[in-house]
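Report on one structure; see the data block that follows.
None of the figures in this text is laboratory data; all of them are computed from the coordinates on show. Remember, it's a predicted structure, so these values are computed and weren't measured experimentally. As a convention, Cβ positions derive from the backbone with ideal geometry for all residues, glycine included, and neighbour counts pool all protein chains shown.
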Amino acid sequence: MMPQNVETAKFITQDYKKGETLFEQGDIGDYIYIIINGSVEVRKESKGKTSCIAKVSSGDIIGEMAILTDEPRCASGVALEPTRVIMVRDRTLRLALLNNDLPILKPLASQLVLRLKEAQQQADYYRKKYKKLEQEVAQLKDNLLLYEIREDN
């Protein structure tokens, strides 16, 4: 249940019970969430299957990508236990980014850099895996050519 004063508040402290949804995949991003205590599972639904893409806890920031990209939320956030968050309105964040005057900017930037590094590590892992598969396919092709039966025989 949202507080009554949602439109005027820059920051809102909100409590969620275990199993409660903070935000839904596909929704418009109107807040980012800073987890004060508790933990949240970030879930993504694709082709009828739901998978956990992250578990976050105290000090973590979630929900910022929808605000920064102006796209619908790409995942849902569900409390894994009783959880307290600070919700920062999208316009508060945007003004802070323009004016460089909100204490959340440094942790938000750190979080984004961390996610970028994780994405880079995943990309490197899959590039190596792809290269290895390419080599294995080339080896299999060479092996098959050894057993090639020519029509002129």
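Just a few scattered comments:
- Within straight-line cross-link reach of Lys55, lysines at Cα separation under 25 Å, skipping those fewer than 8 residues along the same chain: Lys17, Lys18, Lys44, Lys47, Lys106, Lys117
- Less than 5 angstrom separates the built amide H of Glu81 from those of Gly19, Ser39, all sequence-distant by 5 or more or on a different chain.
- Listed peptides 66-76, 11-21, 82-92, 131-141 by packing density, highest first (mean Cβ within 10 Å): 82-92, 66-76, 11-21, 131-141
- Extension gain, Cys52 back to Ile86 (0.36 nm per residue minus Cα-Cα distance, nm): 10.0 nm
- Per-pair calculated FRET efficiency, R0 = 41 Å: Asn99 and Lys18 via Cβ, rounded to 0.05: 0.65
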